[in-house]
Structures are given as structure tokens and as C-alpha cells.
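Before any comments, here is the structure.
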């Protein structure tokens, strides 16, 4: 199992969870125990690169996405790529991981999509 969290920097467990899923600077990958596996730059088309963020995450073998919010198209693409999405307003990588680990985070469905991300 590989967990991915959109982040602002490369500060590991102390990094802040990015407000905007597709426009984050980095993606932090954890194992199921909360250990850092890797931190990668966001090279998706949202940041001037190629491909969509869920495609980049799948390329790095992510199974679970923990984030603050995302649009309905991103939720649909994650589902298609077999990436389970959970949403929370936790501020740090460690905080959002602990919420997921303790079943205190909501699994996203289309009704949870951020309206601002669907514009």
C-alpha cells in the first residue's frame, strides 16, 4: 500500500498539506506505517508539465490519496485508476495520516467535490 499527500515543500511528516490538490509543489508518499517513501515534484500539466495529477500518482504506484479537497473530475479519475480518496482539513502530513490510520477521515464521493475546482 502506498499513500500520497499533496504537499507544499519537502519537509516530510512536518510538511503542510497543500490547499490545492493539483497545484501543490510536491507529493509526499508514505507507506501504511506512516514512513516516508519518497517526495516528488508536481510535474503534472497543472504545473507546466504533462499528464494529470492522478496519473502521476498512479505512475508512482499510489493506492490512497489523502487531501483537503479536489474536483469531481479528479475524484472520478482517481476512482478509474483505483486510487481511494479521503478528505480532511488536517494541516500536516503527520496529522492527515494519523486521521486516516485511526478511521477519522471521510472517504470522498462525488458529492464531496470542491465546487471551485470544477470551474
Quiz item: Going by the alpha-carbon gyration tensor, a ≥ b ≥ c the square roots of its eigenvalues, is the range 9-66 rounded (a/c under 1.5) or, if a/c is not under 1.5, prolate (a/b greater than b/c) versus oblate?
Solution: oblate
Exercise. List 86, 27 from most exposed to least, where exposure is judged by having the fewest other Cβ atoms within 10 Å.
Key: 86, 27
Quiz item: Restricting to the chain, what percent of DSSP beta bridges are antiparallel, rounded to 5?
Solution: 70
Self-check item: Structure-based [θ]222 nm, the chain - -39500 (n - 2.57) summed over DSSP H runs of at least 4, per residue, nearest 500
Solution: -5500 deg cm²/dmol
Quiz prompt | Dimensions (Å) - the range 46-92, Cα atoms, principal axes, largest first | solution = 28, 24, 20
Self-check item: For the range 3-43 versus the range 59-74, the gap between their alpha-carbon centres in whole angstrom
Solution: 11
Quiz item: Here are several values of semi-axes √(5λ) of the Cα gyration tensor in Å: [x] 42, 20, 8; [y] 18, 16, 13; [z] 24, 16, 12. Which one was derived from the coordinates shown?
Solution: [y]
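Rule-based calculations on the coordinates, nothing more; no lab input. Just so we're clear, the structure is a prediction, and the values are computed from it rather than from any experiment. When we count neighbours, we look across all protein chains shown, and the Cβ atoms used for this are built from the backbone with ideal geometry, even at glycine.
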